[in-house]
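**Q** Here you go, one structure.
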Amino acid sequence: MQAFIVNRILQSLIVVLVMTLLVFAGLFVIGDPVQMLVSPDATDIEKEAVRQSLGLDQSFVVQYLSFMRDALHGDLGNSFLTGAPAMDLILKRMPATFELVICAMILATGIGLPLGILAGLRPEARSSKTIMAGSILGFSLPNFWVALVLIMIFAVGLGWVPASGRGETVQIGPIAVSFLTLDGLHHLILPALTLSLTKMALIIRVARAATREVAGQEYIKFARAKGLRKNRIVGVHLLKNIMVPLITVIGLEFGRTAAFAVVTETIFSWPGMGKLLIDSILTLDRPVVVAYLLLMVVFLVFLNLVVDLAYLWLDPAAREKGRD
Amino acid sequence: MSTDMMSKETRDADLGAPVLKIEKLCTWFDTREGTARAVDGVDLELYEGEILGLVGESGSGKSVTGYSVMGLIDPPGRIAGGRILLDGRDLTRLSEEEHRRVRGKDIAMIFQDPSMTLNPTLRIETQMIEAVRAHEACSTAQARRRAKDALDMVGIPSPEERLRAYPFELSGGMRQRVAIAIALLNKPRLIIADEPTTALDVSIQSQIIYELQTLCRETGTAMIWVTHDLAVVAGMADRLAVMYAGRIVEVGTTKEVIEQPGHPYTRGLMGSVPMHETRGRRLARIPGATPSLLHLPQGCSFRERCALADKACTRMPELAQHHQAQSIRCWHPGETDR
């Protein structure tokens, strides 16, 4: 088990290393940030001065190596635009995004999993077909459109919830959260719902497919032959076996959503990381973009590790193999 | 095999009321092409401590009969008629919840492949304790003690450790013993064993057969042993029932059926079993293939594969008494090939 984790961490380090190189090179070729920073009528000498002060006059290799050296010391550079440490900018925005994404995933799993199991248990029933048709809608409707329609109905039309912002927050240590106040919850519900729809659709489909497969297994029939109650058969025997594929989907979708909740955050003016990323890309604020992507890579790699550990917990046979 | 010697009448008198009485059971499957009559008018009786071998090829309806008794027929299948009386109580009239209380308590089932019947993600103890607690309000500790005793009974060494194990940590024979222990947990009146040894090594097979036989005798549990393998049941069953295309074609004591098979199909089955006398000779084979349940020939379902078939066979023969406890569904019972 420990060997497994160490192994995974080493693999992850390589992934992170490759990612830094890719991101750095990508942004290096995209454009010249100096053009965005100086006023349009600046002289070449002034531009050159800015370039030198940011270290942009060096060769790619030198820039990369100095970036890596700083990064190893925990310094991912300062924003070209504001001069603030890139890391601080991101970390300040992180809780808002995570709160939104966690709520979205809870919604998606809490609603999608039971619906998927239901549809899988009775594939021919009309209710199941309705659920599946709904999941296709959830897949195909673009996020921004869903967001706008939800705003039109619930914020503009019915006036039940506000259309933008984070509302009142409560401070827990260094982190501000919305979900503990009624006002915050009101602000949270629409963006979380928007973000959850595609995940919900995906979870429904995966849960349904897995349920259909597991429900046909002999051990389910044996469980019925033992006279177990239906709740126990579905809630324990079936659920534990369909969780393996579902954990993958839930884990990876969580990561993807957290990293790229951009559209939803923008529409609802949710002050999260996604908004920061878009702004930084537009201004070619390289340190922030690089720091952001690096952080996300580390986060996704970590999430993958958690998913793998969850497998081991769910599947005793795999646990045995991991031990050898 | 003392029961073999008894005539039907004396056995009835000795054993009192049957544990299980199946009357004209029909289990049909509605498919797009029509109704498949997987079980079509089956009558069976089973007494305390008795082992009945239910023999037939795949598709003959032997397993469906077992599942019907368990109440595990799922749509598109349905019980279209007949009665299943367990100690006089008609199971076909029970609600789902009433049926659940019977399953695993009064009737237990053992399945074919022990590597598939135990849930791979749950410990043995979990799967045993839940089987006790589904039918009785007792503490987990009590249920666990019962589980341990049951493992002891089926000859599993160091049951305490096995209880903590996951199924993949046990061998195939061990897993089947666990499945048998689960079946015995609630001291059922009847066990339905659906080819319980087919997936096991031959050496383990005979052990399991011997153990199940002994357990049934000791506890008075009746058992239906569903199999396609006549050789397996011949040594253990008190009576045999042979099924073909959803109907019982021959039933009798094991001795009667094995020594003087009356139905041409039973004789065909006997001929295809390798035995000492047939050594070195080509095994007999029943010509043709099992007919589709959707397109059965009119009259006797077997007539298209039967050497004795004639005009009489275009009408369905009744299951008629042939010799003491032996009944045969054939217009030409006991006749040898022409």
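**Q** Under Stokes-Einstein, with the Kirkwood radius over Cα pairs standing in for Rh, what whole-number D in µm²/s applies to segment B:151-218 at 25 °C and 0.890 mPa s?
**A** Reported coefficient: 197 µm²/s.
**Q** Over 10 Å intervals from 0, what percent of Cα-Cα pairs in segment B:45-196 sits in each interval?
**A** Over segment B:45-196, the share of Cα pairs per 10 Å bin runs 10, 38, 35, 16, 1 percent.
**Q** Taking every alpha carbon pair in segment A:184-324, what does the distance histogram look like in 10 angstrom bins from 0, in percent?
**A** The distribution over segment A:184-324 is 10, 27, 29, 19, 11, 3, 0, given as percents.
**Q** What Kirkwood hydrodynamic radius do you get for segment A:2-72 when you take the inverse of the mean 1/r over all pairs of distinct Cα atoms, in Å?
**A** It works out to 14.5 Å.
**Q** Sum up the charges of everything whose Cβ sits under 11 Å from the Cβ of A:Val262, counting Lys and Arg as +1 and Asp and Glu as -1, but leave A:Val262 out.
**A** -1
**Q** So how many Å³ per residue does the convex hull of the Cα atoms of segment A:255-324 work out to?
**A** 92
**Q** Here is a follow-up. State the volume of the convex hull built on the alpha-carbon positions of segment A:117-201, expressed per residue in Å³ and rounded to an integer.
**A** 127
**Q** For A:Asp308, B:Asp152, what's the fewest-to-most ordering of other Cβ within 10 Å of each Cβ?
**A** B:Asp152, A:Asp308
**Q** Give the order of B:Lys21, A:Lys230 when sorted by the count of other beta carbons within 10 angstrom, beginning with the fewest.
**A** Ranking B:Lys21, A:Lys230 by Cβ neighbours within 10 Å, fewest first, gives A:Lys230, B:Lys21.
**Q** Evaluated at 37 °C with a viscosity of 0.692 mPa s, what Stokes-Einstein diffusion coefficient in µm²/s does segment A:10-126 have when Rh comes from the Kirkwood expression over alpha-carbon pairs?
**A** Value of D from the Cα-based Kirkwood radius: 177 µm²/s.
**Q** Can I ask one more? Determine the calculated [θ] at 222 nm for chain B from helices alone, applying -39500 (n - 2.57) to every DSSP H run no shorter than 4 residues and normalising by the residue count; nearest 500 deg cm²/dmol.
**A** -9000 deg cm²/dmol, from helical runs alone.
**Q** Tell me, how many Å apart are the Cα centres for segment A:152-171 and for segment A:105-147?
**A** For segment A:152-171 versus segment A:105-147, the Cα centre distance is 25 Å.
**Q** I would also like to ask the following. When ranked by the protection proxy of mean other Cβ atoms within 10 Å per residue, highest first, what sequence do the peptides B:179-189, B:216-226 form?
**A** The most tightly packed comes first, giving B:179-189, B:216-226.
**Q** What ranking of A:Thr248, A:Thr43 emerges when the number of other C-beta atoms within 10 Å of each C-beta is taken as an exposure proxy, fewest first?
**A** Listing A:Thr248, A:Thr43 from fewest to most nearby Cβ atoms yields A:Thr43, A:Thr248.
**Q** Report, by chain and number, residues whose modeled amide H sits under 5 Å from the one on B:Gly299, excluding near sequence neighbours (fewer than 5 apart, same chain).
**A** B:Met316
**Q** No solvent, one uniform scatterer per C-alpha: report log10 I(q)/I(0) for chain B via the Debye equation at q = 0.09, 0.13, 0.14, 0.15 1/Å, two decimals.
**A** The Cα Debye sum returns log10 ratios of -0.50, -1.02, -1.16, -1.31.
**Q** Further question: Which percent of Cα pairs goes in each bin when the distances of the protein assembly as shown are cut into 20 angstrom slices starting at zero?
**A** The calculated distribution, bin by bin, is 15, 35, 25, 17, 7, 1.
**Q** Still on this structure, I have one more. Show me the ranking of peptides A:180-189, A:292-301, A:103-112 by mean Cβ neighbours inside 10 Å, starting with the highest.
**A** Averaged packing, sorted descending, gives the order A:103-112, A:292-301, A:180-189.
**Q** Let me ask something additional. Averaged over peptide B:111-120, how many Cβ atoms belonging to another chain are found within 10 Å of each residue's Cβ?
**A** Per-residue shielding by partner chains comes out at 5.
**Q** Now for a separate question. What's the long-distance tail for chain A, i.e. % of Cα pairs beyond 33 Å?
**A** Of the Cα pairs, 42 percent sit more than 33 Å apart.
**Q** About its Cα centre, how strong a charge dipole does segment B:133-249 have in debye, to the nearest 20, once Lys and Arg get +1 and Asp and Glu get -1 at the Cβ?
**A** Charge dipole of segment B:133-249: 420 debye, to the nearest 20.
**Q** What average count of beta carbons from other chains do you get within 10 Å of the Cβ of residues in A:215-221?
**A** Mean shielding by partner chains, rounded to a whole number: 5.
**Q** Among A:Ser164, A:Ser280, A:Ser127, determine the one that fluctuates most according to a GNM of chain A built with springs between C-alpha atoms less than 10 Å apart.
**A** Its mean-square fluctuation being the largest, the pick is A:Ser127.
Computed from the coordinates by the stated procedures, all read-outs in this text should not be read as laboratory data. None of these values were measured; they are calculated from a predicted model. Counting neighbours? That spans all protein chains shown, and the Cβs are built from the backbone with ideal geometry, glycine included.
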